[in-house]
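To start, the structure under review is shown below, and the notes come after it.
The values are calculated or read from the model by the stated rules, or taken from the named source; none is laboratory data. Source: prediction; values computed, not measured. In this analysis, Cβ positions are derived from the backbone assuming ideal geometry, glycine residues included, and neighbour counts consider all displayed protein chains. Note: accessible area is taken over every heavy atom of the protein model, side chains too, but ligands, DNA and RNA are not part of it. Shrake-Rupley method; radii C 1.70, N 1.55, O 1.52, S 1.80 Å.
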Amino acid sequence: MAATSKAQCAKCEKNSGILTCDGCLVKFCRRCFNDHRQDLSKELDNVVYEHDMVKQQLETPNENDCHNLFKQIDKWKKDSIDKINQLADQCRTDVVKLLDKNKDRLMDRFLKITNRVRKGTDDEDYDERDLSKWINDLKELKDELIESSNFRVEEDKQQSSWIQKITVHEDFRDQLKAKDGNL
Ligand SMILES: [Zn+2]
Ligand SMILES: [Zn+2]
């Protein structure tokens, strides 16, 4: 054995490590150093492959449906429209119920008019004042049937967060990276 102890090649652990790779700081013998360069060259192929893939993506025109942001916008649009449709349907159902209820109430009033007119006709005791009142009552009833005065549609101005508004923003991560020297 030699008196002076030389560092061994880290790979074969037989020959002296005479060459150090600057990247991983490992000492190799001549042959293992060449193998190591070969391995690095294979990894470079991998980098080139990834590089070409990214290049291809960069050169592909932006499509309006593939990017995740477009999916996010479409989902927000669909969810919002669903909410509007659901509420509109609910409100329509409510209006039908109110109109039915209103008709029942108007029917009571109408039957009272019917009875008065019928009694007046039977007794033959009506005069101009009765005729005028009956025609007015009927007209009022007809107006309310067409446009009811006791219900309306109202916008809730307080509930502004019912549908969340969306906006598109740019984060300045790339600029920060470039400043840090990472790009
Ligand atoms: Zn070696
Ligand atoms: Zn190395």
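Dividing the helix sum by the residues of the chain, where each DSSP H run of 4 or more adds -39500 (n - 2.57), gives a mean residue ellipticity at 222 nm of -22000 deg cm²/dmol.
The share of accessible area on the chain that comes from carbon and sulfur is 52 percent, using a 1.4 angstrom probe. Taking every alpha-carbon pair in the stretch 68-146 and binning the separations at 10 Å intervals from zero gives 15, 26, 17, 13, 11, 9, 6, 2, 0 percent. From most to least packed by mean Cβ count within 10 Å, the peptides 25-33, 74-82 give 25-33, 74-82. Within the shell of other residues whose beta carbon sits under 13 angstrom from the beta carbon of Ala7, the net charge comes to +3, with Lys and Arg scored +1 and Asp and Glu -1.
Comparing Trp162, Cys24, Gly120 along the charge dipole axis of the chain, the residue lying farthest to the positive side is Cys24, per the Cβ-charge model. Modelled spin-label separation between Thr121 and Val48, with each label point placed 7 Å from Cα along the Cα-to-Cβ direction: 10.4 nm. At a probe radius of 1.4 angstrom, the accessible area of the chain per residue rounds to 93 square angstrom.
List the pairs from Lys55/Lys75; Lys77/Lys157; Lys103/Lys133; Lys42/Lys71; Lys71/Lys97; Lys112/Lys157 whose alpha-carbon separation is above 32 Å, in the order I gave them. Pairs exceeding 32 Å: Lys42/Lys71; Lys71/Lys97; Lys112/Lys157. Judged by the mean number of other Cβ atoms found within 10 Å, the most tightly packed of the peptides 46-53, 16-23 leads the ranking 16-23, 46-53. Here the contact order of the chain, divided by its residue count and restricted to Cα pairs under 8 Å and six or more residues apart, works out to 9 percent. In a simple Cβ point-charge model (Lys, Arg +1; Asp, Glu -1; nothing else charged), the chain has a dipole of about 1480 debye relative to its Cα centre. Only aspartates and glutamates eight or more places from Lys142 in sequence, or on another chain, were considered; those with a Cα closer than 20 Å are Asp100, Asp104, Asp108, Asp130. For Cys32, neighbours were defined as the other residues whose beta-carbon sits under 11 Å from its Cβ, and their charges (Lys and Arg +1, Asp and Glu -1) total +3. Per the Debye calculation on the chain with a single equal scatterer at every Cα and no solvent contribution, log₁₀ I(q)/I(0) for q = 0.17 Å⁻¹ amounts to -1.18.
For Asp94 and Glu147, the difference between the fully extended length at 0.36 nm per residue and the C-alpha to C-alpha distance is 17.5 nm.
With N the number of residues in the stretch 19-59, Rg(Cα) / (2.2 N^0.38 Å) evaluates to 1.59.
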